[in-house]
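The structure under discussion appears below in the form of structure tokens.
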Amino acid sequence: MGTTYERPDTWFDRLFSEFSDRGEAMFAFSRQQVEEKGVDWDVFESAWTSRGAGLFVKTSALPAWIERMEADYAAEQATLPELRVRHIGTDYWDRHLYRDERGRVLADVSLSPANEALELHTLTSEGEPIAAERARLVFLEEES
């Protein structure tokens, strides 16, 4: 029998649930999905704003969403241990690579610009991502 993985509840999950419960946020990738959530398509097109990756927020709730998102993210970051890393280049997938103070090489799998990653992943010896490090990233100056 296999094991099941339950992802921990995150600051984003809590934020999304709150706004979703009020009908102010949804994930949708098609007209059918929007309408299955009980939102008229014409209303959706005029009163909702895309935040990317299928996330939509009611335009009237967008200022509150952004304010809460920034505050909740900052509060989460304040609870995490610091991870000091130095940019060391890119791999053949164009992912930025970093070395931490313990000597581990970590990758930015989201392909953010150098020194702007929100999370870094540990890697297998073949360079495949394993898991994101739960840490507040501090980017050190590149060595010359």
*Just name the residue that is surrounded by the most Cβ atoms within 10 Å (Cβ to Cβ) out of those in region 52-62 that are under 15 Å from Gly23 (Cα atoms) and not hydrophobic (A, V, I, L, M, F, W, C).*
Lys58
_Filter result for Gly89 (at positive phi and free of Cβ contacts under 8 Å to residues at least 12 places away in the same chain)_ = yes
*Out of Ile66, Ile88, which single residue is assigned by TED's automatic domain parsing to the domain that holds Ala114, among the aliphatic types (A, V, I, L, M) and surrounded by 12 or more Cβ atoms within 10 Å (Cβ to Cβ)?*
Ile88
*Could you please give the count of residues in region 77-105 that are β-branched (Val, Ile, Thr) and farther than 16 Å from Glu119 by Cβ?*
2
*Return the pairs, sorted by first residue and then second, in which the second residue is small (Gly, Ala, Ser) and part of a loop (DSSP other than H, G, I, E, B), the first residue lies in region 106-117 and is within 15 Å of Ala131 (Cα to Cα) and in the same structural domain as Arg134 (by TED's automatic domain parsing), the beta carbons are less than 6 Å apart, and the residues are 6+ apart or on different chains.*
Asp108/Ala117
*Restricted to region 102-127, and to residues that are surrounded by 12 or more Cβ atoms within 10 Å (Cβ to Cβ) and among the charged types (D, E, K, R), which residue is farthest from Ala78 (Cα to Cα)?*
Arg104
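The values are calculated or read from the model by the stated rules, or taken from the named source; none is laboratory data. A quick note: this is a predicted structure, and the numbers were derived from the prediction, not measured. When we count neighbours, we look across all protein chains shown, and the Cβ atoms used for this are built from the backbone with ideal geometry, even at glycine.
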